[in-house]
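Worksheet: one structure, shown below.
The values are calculated or read from the model by the stated rules, or taken from the named source; none is laboratory data. Here the structure is a predicted model, which is why all the values come from computation and not from measurement. Cβ coordinates were reconstructed from backbone atoms using ideal geometry, including for glycine residues, and neighbour counts include every protein chain displayed.
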Amino acid sequence: MSGKPLYIRNAAQLVTLKGPTGPRTRGEMEQLSIIQGGSVWVEAGRIRFVGTDEEVRRRLRSRIEEADEIDATGRLVTPGLVDPHTHLVFAGSREGEFEMRLKGATYMEIMKAGGGIHATTTATRQASREQIYEESQCRLDQFLRHGVTTLEAKSGYGLSLEQELKQLEVARDLNQDHPVEVVSTFMGAHAVPAAYRDRSDDFVDQVIREMIPEVARRKLAEFNDVFCERGVFTPDQSRRILEAGKEHGLAPKIHADEIEPYGGAELAAEVGAVSADHLLKASAEGIQAMAKKGVVAVLLPGTAFFLMAEMANGRNMVDAGVPVALSTDCNPGSSPTVSLPLIMNLACLHMGMTPAEVLTAATINAAYAINRGDELGSIEEGKQADLVLFDVPNYMGLQYHYGSNHAAVVVKGGRVVY
Ligand code: NIG
Ligand code: FE
């Protein structure tokens, strides 16, 4: 890494997202703190000074010559995008199921018939560590090219201690080797394996007694997630799993109310989850409870789009005071995409959210959804220098010119990585 300072100069719009501490709610989500003609001075991986180009030049006059310079004239500069919900680490793909769904089969029918998550579990169990690493690295490269500098990655295609550890170790290795920061979540309770079909409580016991303690002991995850859905894990089973995670220092997350209302949002508030994700069918009471507890709603419009379902009501959630974040849910069944900008576009068009709220949801609120809000998600002095230069002149252009990749330069920890 070059020891030189980095000087990003004269952005058409520098969207800093500077604002109150904590996940942003309601009107705060519209406050982007934009500097026209803004510049950023980066040193030792950290943001050292943010202001108009004139202010930066005045302040650092004697040192301008020593810096590496990036001209942002005519461009939009934002914090590095954060994706707080992915199933990054897996092997194979499920095009065949896509076609079945287009002909009328539902996601849950395919899963009950042994496909869906089970199909990817089989493929991931059979794949070597190297193969899984390579396939996941390729996805990570693409995330980076779309402006993502940090993402969360879940296990959950192993469904046994040994196989879950294999996935989590690949995520750990990718975090060490790749410029994108990978934050790990244990999701042993992603599906009930076929062998436990009629005794799911036995599998829950195994997750609690065997898997969670070992994952925590090896420090392979920060979060613990569960697919709380009829036919998968009940709210009672989910509660037990999330409470067990808490006892081992794993912060709770939950796949909640995706297919039908099932009390997932309520449970998220009850256990003090960091986030509840999906929420297409969340009840009004559940949303109120989340607002009261400050649980971040991680919304996944790409999943609704790809499953041809009605989107979660992002507008209602913002208005109810829930901090909203956005994510790809990148996975081989319900959302095979790496484009967080496309997800942002869908949220504008189909969730009733404004471009400003959407940018907040994919940066600072997404950072809070993975407990990184004090370090990432905004361009403020002292924070890690994660930034993206987009080839559009303002933040609205990012979502308006949809379907193309506008990311031109990506900086992670003060280093130009794309
Ligand atoms: O978030 N809903 C459960 N899990 C994933 C899908 C995983 C898969 O189909 O492979 C999701 O949509
Ligand atoms: Fe998911």
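The figures follow:
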| item | result |
| --- | --- |
| Candidate set: segment 284-308, residues that are within 14 Å of ligand 1 (Cβ to nearest atom) and out of contact with any helix residue (DSSP H, G or I) (no Cβ under 8 Å at 6 or more places or on another chain); chosen: the one nearest to PHE98 (Cα to Cα) | PHE306 |
| Residues of segment 125-159 satisfying the condition of being polar (S, T, N, Q), away from ligand 2 (no atom under 15 Å from the Cβ) and out of contact with any Lys or Arg (no Cβ under 8 Å at 6 or more places or on another chain) | GLN126, SER128, GLN131, SER136, GLN137, GLN142 |
| Number of positions in segment 275-288 that are in contact (Cβ under 8 Å) with a residue 24 or more places away in the chain and under 22 Å from the mean Cα position of the chain (by Cα) | 9 |
| Residues of segment 407-418 that turn out to be surrounded by fewer than 19 Cβ atoms within 10 Å (Cβ to Cβ) and in a loop (DSSP other than H, G, I, E, B), as a count | 3 |
| Pair list, Cβ under 8 Å, 6 or more apart: segment 319-332 residue under 19 Å from ASN345 (Cα atoms) and free of Cβ contacts under 8 Å to residues at least 24 places away in the same chain, other residue part of a loop (DSSP other than H, G, I, E, B) and near ligand 1 (Cβ under 9 Å from one of its atoms) | none |
| Qualifying residue in segment 279-296 (condition: within 13 Å of ligand 2 (Cβ to nearest atom) and buried (at least 22 other Cβ atoms within 10 Å of the Cβ)) | yes |
| Test for SER160: is it away from ligand 1 (no atom under 16 Å from the Cβ), over 30 Å from PRO79 (Cα atoms), in contact (Cβ under 8 Å) with a residue 12 or more places away in the chain and hydroxyl-bearing (Ser, Thr, Tyr) | yes |
| Residue list for segment 78-97, filter: of a type outside the set (S, T, N, Q), within 11 Å of ligand 1 (Cβ to nearest atom) and surrounded by fewer than 24 Cβ atoms within 10 Å (Cβ to Cβ) | GLY92, ARG94, GLU97 |
| Where PRO336 falls short, out of the listed (1) within 14 Å of ligand 1 (Cβ to nearest atom); (2) more than 16 Å from GLY352 (Cα to Cα); (3) of a type outside the set (Ser, Thr, Tyr); (4) in contact with a strand residue (DSSP E or B) (Cβ under 7 Å, 6 or more places away or on another chain) | (4) |
| Count - residues of segment 189-204 that are of a type outside the set (S, T, N, Q) and either surrounded by 13 or more Cβ atoms within 10 Å (Cβ to Cβ) or closer than 14 Å to GLU162 by Cβ (or both) | 9 |
| Residue satisfying all of: in segment 230-263; surrounded by fewer than 22 Cβ atoms within 10 Å (Cβ to Cβ) and at positive phi; modelled with the lowest pLDDT among these | GLY231 |
| Tally, over segment 214-237, of residues that are assigned to a helix (DSSP H, G or I) and either of a type in the set (A, V, I, L, M, F, W, C) or closer than 21 Å to ASN371 by Cα (or both) | 3 |
| Residue match in segment 60-73 (condition: assigned to a strand (DSSP E or B) and within 27 Å of the chain's Cα centre (by Cα)) | no |
| Residue count for segment 145-167, restricted to those that are surrounded by 22 or more Cβ atoms within 10 Å (Cβ to Cβ), of a type in the set (A, V, I, L, M) and at negative phi | 3 |
| Filtered residues of segment 162-202 (kept if part of a helix (DSSP H, G or I) and in contact with a strand residue (DSSP E or B) (Cβ under 8 Å, 6 or more places away or on another chain)) | GLU164, LEU168, ALA171, ARG172, LEU174, ASN175, SER200 |
